[in-house]
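Trainee: Mind having a look at this structure? Questions to follow.
Read-outs throughout are calculated quantities, based only on the coordinates presented, and are distinct from any laboratory measurement. Computed from a prediction, not measured in an experiment: that's the story for all the values here. Every residue, glycine as well, gets a Cβ built from its backbone with ideal geometry; the counts of neighbours run over all protein chains shown.
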Amino acid sequence: MRAWQAPSVPDVPGAAPRPVVHDTATGKPVDPTQGEERAALYVCGITPYDATHLGHAATYLAFDTLGRAWRDAGLDVEYAQNVTDVDDPLLERATRDGVDWRELAASQIDLFRRDMESLRILPPDDFVAVTDEVDRVAEAVAFLQETGSAYEVPTPDAEGDDLYFDVNHPTDAWSLGDESGLDRETMLTLAAERGGDPERPGKRDPLDPLLWRAARDGEPSWDSEIGPGRPGWHIECSVIAGDRLGLPISVQGGGSDLVFPHHEMSAGHAAALAHQPLAHAFVHTGMIAYQGTKISKSLGNLVTVRGLLDDGADPRAIRLALLSHKYSDDWEWFDAELTSATTRLATWDAWASGTSAGHADDAADVASRIRARVSDDLDTPGAVAAVDTAIAGGTACTPELADLIDALLGIRLA
Ligand code: 5CA
Ligand code: ZN
């Protein structure tokens, strides 16, 4: 499917150090490219019913920064992102609002594209709707059935049976807990909260996740080699990442709400399908809250990119506000974030347009400092501080420095 228009990214002389990022699975900083010239990135995309809130924006901005840092380090980046355009939360929202689920998804995907363009987020090379990949998913599930990793759970209300993944069936590249490091009690709690069904009778293990949901009356379904139905959630990401990028990829990314069960199970599926780990690193962004709780439409505390833009915000200021926080931290959005980012941006613009005097000699040092901060686990607050310090210390903004700020932070100064 069409992604969105790419922002221009200046080529800047010199090269940044290779980025190191925090891997959730090992808890350590790693170079997820393992010294290769190619970096393969998969980021879990939206479920299109409440796009684009600031939590989404912050997550995609973090991986945009990683892509920019890799490019600045001279690597070839391949990037795929899915869109979960058929799943229970989307269908429930469409039913509640009395709209067709396809129309809801299409309109939200469009909104997401426009918001990503406004924020100058680099588009993925492959932007993949799950509804376009149903055959591939069915083929993968059939393979899991043949090789003993998938089994049927009796489903009297459906045409055929639902298929589940056996988390205890041995694979050579994964066992339960490898990615998340969580204990079983916590896994059971999180599975129940995040789309799993530990209470469902007939499963071999309460943690076994759904691979394929057999067709029910009133629900969308596709004919396939394993009967009519639709994909489960985790398998879509394993299949798309493997198909578009080849396994193992460098980074599997998303918000920390995806650590378990989504990324754990996606890794399990990938191992059972390809005898490979899904990724060299699992990178997670923190959750953004507003008015005390995680931003989410169901809680009614939605701050959207579109809402801020409609109220007159400069998209660069939204970007700068988000970059001023460390990607992996949980943090709370206050309306004052935008006010202070707007003030900071005005100072940066004035500096870049040369209305403040300064020494050009130090500009190269500032550029190195920004590169060093960004490549050190995407320390964008450190990079922002480096610019503030340069301005306060009287460093002039050379065209090369302005280009570097654009290339790495995605902010084109006036
Ligand atoms: N479609 C699935 C992934 S396959 C999904 O989680 N969709 S989503 O629309 O719920 O979220 C899209 C991305 O935004 C995910 O990476 C998710 O972890 C992230 N995200 C959702 N809410 C927040 C939040 N409040 N703060 C930061 N990131 C968030
Ligand atoms: Zn995903």
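Trainee: Can you work out the FRET efficiency for the pair residue 364 and residue 275, with r the C-beta to C-beta distance and R0 = 51 Å, to the nearest 0.05?
Mentor: For residue 364 and residue 275, the calculated efficiency is 0.60.
Trainee: Checking understanding here: applying a Kyte-Doolittle mean of at least -1.0 and a length along the axis of at least 24 Å (C-alpha), which whole DSSP H helices in the chain pass?
Mentor: Qualifying helices: 54-72, 101-118, 335-352.
Trainee: Report, in deg cm²/dmol and to the nearest 500, the calculated mean residue ellipticity at 222 nm for the chain, where each DSSP H run with n ≥ 4 adds -39500 (n - 2.57) and the sum is divided by the residue count.
Mentor: Rounded to the nearest 500, the figure is -12500 deg cm²/dmol.
Trainee: Tell me, how many Å apart are the Cα centres for region 286-348 and for region 164-224?
Mentor: 34
Trainee: Consider a paramagnetic label point 7 Å from the Cα of residue 293 along Cα→Cβ; state which residues of region 249-284 have an amide N under 18 Å from it.
Mentor: Correct set: 257.
Trainee: Can you pull out the GluC sites (Glu not before Pro) in region 6-93 whose DSSP state is coil and whose Cβ has at most 11 other Cβ atoms within 10 Å?
Mentor: Listed in order of number, the matching sites are 37.
Trainee: If you don't mind, there's one more thing I want to ask. For region 1-86, report the convex hull volume of the alpha-carbon atoms normalised per residue, in Å³, without decimals.
Mentor: Taking the convex hull of the Cα positions in region 1-86, it is 128 Å³ per residue.
Trainee: Normalised by the number of residues in region 272-414, what is the relative contact order in percent for Cα pairs under 8 Å and 6+ residues apart?
Mentor: It comes to 24 percent, rounded to a whole number.
Trainee: Cα to Cα, under 20 Å, and not fewer than 8 places away if on the same chain: which aspartates and glutamates meet these conditions relative to residue 28?
Mentor: Answer for residue 28, where 20 Å is the Cα cut-off: 36, 178, 179, 183, 257, 264, 329, 330, 376, 377, 379, listed by chain and number.
Trainee: Using R₀ = 51 Å, calculate the FRET efficiency as 1/(1 + (r/R₀)^6) where r is the Cβ-Cβ separation of residue 389 and residue 142; round to 0.05. Don't skip to the answer; put the middle values down first.
Mentor: Details: r = 58 Å, r/R0 = 1.14.
Taking R0 as 51 Å, the efficiency between residue 389 and residue 142 is 0.30.
Trainee: Counting other Cβ atoms within 10 Å of each Cβ, which GluC sites (Glu not before Pro) in region 210-291 have at most 12 and sit in a DSSP loop?
Mentor: Passing sites in region 210-291 are 225.
Trainee: Okay, next question. Which percent, to the nearest 5, of DSSP beta bridges fully inside the chain are antiparallel?
Mentor: The answer is about 40 percent antiparallel.
Trainee: Which length gain, in nm to one decimal place, applies between residue 302 and residue 103 when the Cα-Cα distance is subtracted from 0.36 nm times their residue separation?
Mentor: In short, 69.5 nm is gained.
Trainee: When the scattering of region 24-285 is computed by the Debye formula from its Cα atoms alone, each counted once and equally, what is log10 I(q)/I(0) at q = 0.09, 0.11, 0.17 Å⁻¹?
Mentor: After summing over all Cα pairs, the log10 values are -0.38, -0.58, -1.44.
Trainee: Using a Gaussian network model of the chain with C-alpha springs under 10 Å, which one of 176, 322, 41 is most mobile by mean-square fluctuation?
Mentor: Greatest mean-square fluctuation among the candidates belongs to 176.
Trainee: Something else about it: For region 1-96, state which trypsin sites (Lys or Arg not before Pro) are in a DSSP loop and have at most 12 other beta carbons lying within 10 Å of their beta carbon.
Mentor: Sparse-neighbourhood loop trypsin sites (Lys or Arg not before Pro): 2.
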